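Below: the structure, in structure tokens.
Just so it is clear, none of the values below were taken in a lab; they were calculated from the coordinates. Predicted model only: the values in this text are computed from it and were never measured. Here the Cβ is made from the backbone with ideal geometry for all residues, glycine too, and neighbour counts use every protein chain on show.
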Protein chains: 2
Amino acid sequence: MPGVDLTAMANAIRFLSMDAIERAGEGHPGTPLGAADISAALFARHLKFNAADPRWFDRDRFVQSNGHGSMLIYSLLHLAGYDRMSLDQLKIFRVLGSHCAGHPEIDQDAGIEVTTGLLGQGIANAAGMALAEAFLNQWFGPDIVDHHTYALVGDGCLQEGVGQEIISLAGHLRLGKLTFLWDDNRITDDGDIALALSDDMVARFRASHWHVQEVDGHDAEAVSAAIAAAKRDPHPSMIACTTAIGRGIPRVEGLRIAHSGRLFREDTDAARRHLGWPHAPFEIPPDILAAWREAGSRGAVEQAAWRRRVEALPADTRRAFDRIREGRLPEGWEGALRAFKARAAETGHSDHGYKISGDIVDLLTEAIPEMFSGAPDLEGATLHKRRLPSFTAEDRSGRYVHYGIREHAMGSMLNGMAAHGGVVATGITYLVFSDYERPAIRMAALMGLPVTFVFSHDSIGIGTNGPTHQPVEFLAAFRAIPNMLTLRPADAVEAAECWEIALTHRTGPCSLVFSRQPLEPARRDGGAENRSARGAYVLEEAEGGPRRATILATGSEVAIARAARALLQAEGIPTVVVSMPCWELFEAQDAAYRAAVIDRGTVRVAVEAAVRQGWDRWIGEDGGFVGMSGFGASGPVPDLYAKFGITAERVAAEVRSRL
Amino acid sequence: MPGVDLTAMANAIRFLSMDAIERAGEGHPGTPLGAADISAALFARHLKFNAADPRWFDRDRFVQSNGHGSMLIYSLLHLAGYDRMSLDQLKIFRVLGSHCAGHPEIDQDAGIEVTTGLLGQGIANAAGMALAEAFLNQWFGPDIVDHHTYALVGDGCLQEGVGQEIISLAGHLRLGKLTFLWDDNRITDDGDIALALSDDMVARFRASHWHVQEVDGHDAEAVSAAIAAAKRDPHPSMIACTTAIGRGIPRVEGLRIAHSGRLFREDTDAARRHLGWPHAPFEIPPDILAAWREAGSRGAVEQAAWRRRVEALPADTRRAFDRIREGRLPEGWEGALRAFKARAAETGHSDHGYKISGDIVDLLTEAIPEMFSGAPDLEGATLHKRRLPSFTAEDRSGRYVHYGIREHAMGSMLNGMAAHGGVVATGITYLVFSDYERPAIRMAALMGLPVTFVFSHDSIGIGTNGPTHQPVEFLAAFRAIPNMLTLRPADAVEAAECWEIALTHRTGPCSLVFSRQPLEPARRDGGAENRSARGAYVLEEAEGGPRRATILATGSEVAIARAARALLQAEGIPTVVVSMPCWELFEAQDAAYRAAVIDRGTVRVAVEAAVRQGWDRWIGEDGGFVGMSGFGASGPVPDLYAKFGITAERVAAEVRSRL
């Protein structure tokens, strides 16, 4: 647009942002004002996108990782012409129901790729997106998939440990289309960054083989040139942009108060004088708006050409591409899984929990060419890799990521892969290490992303490795997370059912939890009905009369429940065993079904090698619970189950004492 | 000892370790064999300790952060002469009840300073110990407190994000007496480290201003010289020791299989031939054992001199020193706290939850000169700093740590401070960020360390910052952790009571949880009795007849419970309000008390702005619950409470519908 330079475009961001923050009475002005020039350079000159079609699959991805400065992305998206981000929305920033929430919340129709605000998550998501792109790029070729991922990065993202995990791993995997734009303003919430940081940040990136440039973050042309250089370099790029936080408001510029301090009308007036912006609040002069709208629609031509290339694909490739970008699994993908289930039921298949999962993953990775897995340095103990070549800097066709000893990176990259689309994102580690990736698991649930988190070694059944490695409180902690299914199968049949549930559940993550020790066969029916999908069901009926007792269990403890039932039945006590692989799915059943399964008129006892918390919902206040009341111990598995009294005899005794 | 060199001493570690692992049939031989020379150099030449008095306060601290190689520390401690680490214990490595558990478990009488095995935690604990030393060193002077902290570090510790947080923060705080001995063997569980790591690790340390040396890790003399140089340098030191994993067993040396592969008698036989060690399993020749025992008792002389210096302290200083090293609070410390409580009760003190906590911390930090606090870049929003100068590289008398945006570092350093002793370790952040430090919180509980974790902004009451920042599942997730008290006070009076509980609870951590929004006064009795110490109690009695309804609540929702009671009482329904600041303490009360408080014969409804999980234990299957069933939203607080139906009217309706 003649006469409209990047600085003017950046100032449009500044004024929209400060006007919205002033109107809301709160918000974080520091970032939108400080990083306005950086993001104007990116959006106006480089970002491949089409505001009229926010979900164009081959768009560049942009993540504002420093989500607290959310007015930046709202202003950008409004200016670029995203329908959902209207001026009216900006005017109700932070009002309940506004698209302009306190922190950006995933809304890909509005241009918000992921929810950000927990520092470090956004850049890790971005790395996951870049990984997905690299894989699909080699699969479908650069005519079909060829886009960059940009993240705007604050100091917090780089101080958080997950930030370094991502620097290390993205460098190692040479994710060359990943670019970080570091808003280096030397101010955090506490004040001068020197209060808590002495790192040579550039050296940290270089130590992991990133391409690093240092520019004046208020020289938008310089930023633009650096982005161009970043695109040419085969390594991931970090552009350190020196900025002044809160740039443009004389009272706050460069100061701590700019981070999240309140703005007043005098501030926005002063900024208008200071920057020569005579326009009223929320008013963008037509030439500047036109320049922005041109940037927002520039991609339409490119998209049209891309669409023609997609349409010209061979039919098979076209079908595969349409399928993966729509998130549909291949037709008949479940065939091998169901055959596995039928066979397991028929043969009474018994094996270590994680081995069963490994066998299933072998089948799934063959049936689903977009399925990814990986583990943080536990390949041998989790068995997800056997049929998956490694995804490496040299080989983008691999589907297994050696994450290194970096659980947090794994979890948050899986979120990025799922948000990107086109791949089925799964990853596995020991259950006890899930604490390290818990922030990412929570974000998957909050965003409603279809990630399958897999865990092995799920209880004291890990044995001699001892209490550090024995997750006694983790099932409860998982079940507390809204919008996630926690699935703990009892045997190979339930394992197949739970995997099927996980891969078809699209509105949130699933956590699949497997034992280390062998799972005895519990189910001998291997038909089409997925009984685990009801969450809980009667596994063994009462015999010899109306049911008097109900034993509820999950996972490896279903075998103990069955043994206890045998003891009680031998004593003439008609006893039911309920297997409960997924509480959340059971909770979603109708009341009649739940009542029939639970049967409050009977004595109820639950057994699970974990803490009691939450079980009262199913067994009532007077129910019995056999499980853990504290941390575990180091010793052989049978000794531990005996020490902690998680035995069939104890379960039977709990029933008897209540009859 | 003439004729006994460090290599012979190291081989004693190797054979004890491999014999124990071979006998146990499992274990991780890689580290004890690979790092034997490093640790022999440290223990024989540098470590200040006295095996006869493992708790000598001014001992050097040694942490084996790569805890999976636990036979290393067990061998070291046995050889050095720690009574509890007898040969018989080594022979039952990994047997239930052995001091030689799968991973080292804190046992300071045996020389195990902290539990390790979750990678990255140990080095962070070590940094916390070094911080405590630096503070006490300036307080009591180098004659009384002057010791080093050493951590043996594996690749996992440095790949985990928390590792970088510690590298950055220890460098920034210039913890010069902290030394990492990096067992750089280039092998992890998956195999060659190049599978997942390309970092220039030395550059990463240098970027944070560490003193770095690179040595041959099998040249014990070179390692010893490097340790000497590290002690002289004012920066934290990292000694990169190039080693061969599993050194000494020809079949496994340098290979992935050495990490955790099984050893057989043929292996130990081959090692005996290879290293010229003709001695039987578990047999240490007298000269080598004597050299080790000399190393283990060398500190006795130094300790005796130190004891004389302690005895010569001025009486006041001596009293203070004895007190802090025994973990006793100053006499009368609770005076100001109780006065605050009495005043709050009298005046009906109302304020934002975190401000109340800040006011209390102001009093406590004055009363308790060894009390530390800090926050990860949330000074202004948590208010723990007002009376605490910063602990910095230049000023060791400060008691507030600017942790930077590094929650995980904070949590695990607090554990190290508590394990070190002599300081009262507290730190604060938003509740939602506790996920980032959850591995450390769990370790505090597992170790039984008296850490006070403080959290603010504990619910949707955070308001417009939105669901990323609203912790709906965190109370449940905390309550699931064994051996931790989770305390959520309802008002200023309970806040004072809960702080008193936290600082006097010595057998495990406490999590103190405060609202952002104002807490209305609930309690007008400010006497000596600590009612919160019973976990739950009747806050408001029923009036006008026998109780028909019981409303249970915690924290900010106690006000809603009280308002609901008022509605119901107005309708003639005698209603009790139970405040439940701490479930764990209530669970520990006798059954009669619990029954009296809960009163199962009444209609029970709980209200808490969090998920229901766990509440069924107190309200029963038919109880009502008013709270959150999913994630929150971004909006003003009153709008959110209305949107999610957490209101007095709704609580009253839940009661009415059950009468």
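Just a few scattered comments:
- Each Lys or Arg adds one and each Asp or Glu subtracts one; over the other residues with Cβ under 9 Å from the Cβ of A:Ser459, this totals -2.
- Loop-resident sites, segment B:330-372, for GluC sites (Glu not before Pro), counting at most 13 other Cβ within 10 Å (DSSP): B:Glu331
- Longest segment of chain B lacking trypsin sites (Lys or Arg not before Pro) that sit in a DSSP loop with at most 16 other Cβ atoms within 10 Å: B:388-505
- Farthest toward the positive end of the dipole of segment A:269-417, out of A:Ile368, A:Leu337, A:Phe282, is the Cα of A:Phe282, where the dipole comes from beta carbon charges about the Cα centre.
- Whether segment A:386-472 is rounded, prolate or oblate, judged on the alpha carbon gyration tensor where a/c under 1.5 counts as rounded: oblate
- Charge dipole (segment B:415-496, unit charges on Cβ, about Cα centre) - positive-most of B:Gly421, B:Pro467, B:Phe455: B:Gly421
- Long pairs among B:Lys177/B:Lys385; A:Lys91/B:Lys643; B:Lys48/B:Lys231; B:Lys48/B:Lys91, criterion Cα-Cα beyond 18 Å: B:Lys177/B:Lys385; A:Lys91/B:Lys643; B:Lys48/B:Lys91
- The protein assembly as shown - charge dipole about Cα centre, Lys and Arg +1 at Cβ, Asp and Glu -1, debye rounded to 20: 1160 debye
- Label point 7 Å beyond Cα along the C-beta direction, distances from B:Glu331 to other copies (nm, shortest first): 8.7
- Under 12 Å, Cβ to Cβ, from A:Ser39 - net charge with Lys/Arg +1 and Asp/Glu -1: 0
- As a length-normalised measure over Cα pairs under 8 Å and 6 or more apart, the relative contact order of segment A:93-179 settles at 27 percent.
- Local electrostatic count, A:Phe205, Cβ distance below 14 Å [Lys/Arg +1, Asp/Glu -1]: -4
- Centre separation in Å (Cα based) which lies between segment A:538-582 and segment B:602-659: 34 Å
- Mean separation of Cα contacts under 8 Å (6+ apart) over length of chain B, as relative contact order %: 12 percent
- Estimated [θ] at 222 nm from DSSP helical runs (n ≥ 4, -39500 (n - 2.57)) normalised by residues in chain A, nearest 500: -12500 deg cm²/dmol
- Within segment B:517-653, percent of DSSP bridges classed antiparallel, to nearest 5: 20 percent
- The dipole here belongs to segment B:1-132: it is taken about the Cα centre, uses +1 on the Cβ of Lys and Arg and -1 on the Cβ of Asp and Glu, and is about 100 debye.
- Mean projected area (nm²) of the alpha-carbon convex hull when chain A is viewed from all directions: 30.0 nm²
- Rounded to the nearest whole angstrom, the semi-axes of the ellipsoid equivalent to segment A:15-149, taken from the Cα gyration tensor as √(5λ), stand at 27, 15, 13, largest first.
- DSSP-defined antiparallel bridges as percent of all bridges, the protein assembly as shown, nearest 5: 15 percent
- Förster radius 41 Å - calculated FRET efficiency between A:Arg55 and A:Ala592 (Cβ-Cβ, nearest 0.05): 0.50
- Here B:Glu649 yields copy-to-copy label distances, from shortest upward, of 5.9 nm, the label point defined as 7 Å from Cα along Cα to C-beta.
- For the axis carrying chain B to chain A: nearest C-beta residue of B, whole Å: B:Gly161, 1
- Which of A:Gly398, A:Leu378, A:Ser357, positive extreme of dipole for segment A:334-407 (C-beta unit charges): A:Ser357
- For segment A:410-559: relative contact order, % (alpha-carbon pairs under 8 angstrom, 6 or more apart): 24 percent
- Here the dipole of chain A is about 760 debye; that uses its Cα centre as origin and unit charges on the Cβ of Lys and Arg (positive) and Asp and Glu (negative).
- Sequence-distant residues sharing a close amide H with A:Ile187 (under 5 Å, placed H): A:Ile193
- For the protein assembly as shown, average projected area of the Cα convex hull in nm²: 48.6 nm²
- For B:Glu311, inter-copy separations between label points set 7 Å beyond Cα along the Cβ vector come to 9.7 nm, shortest first.
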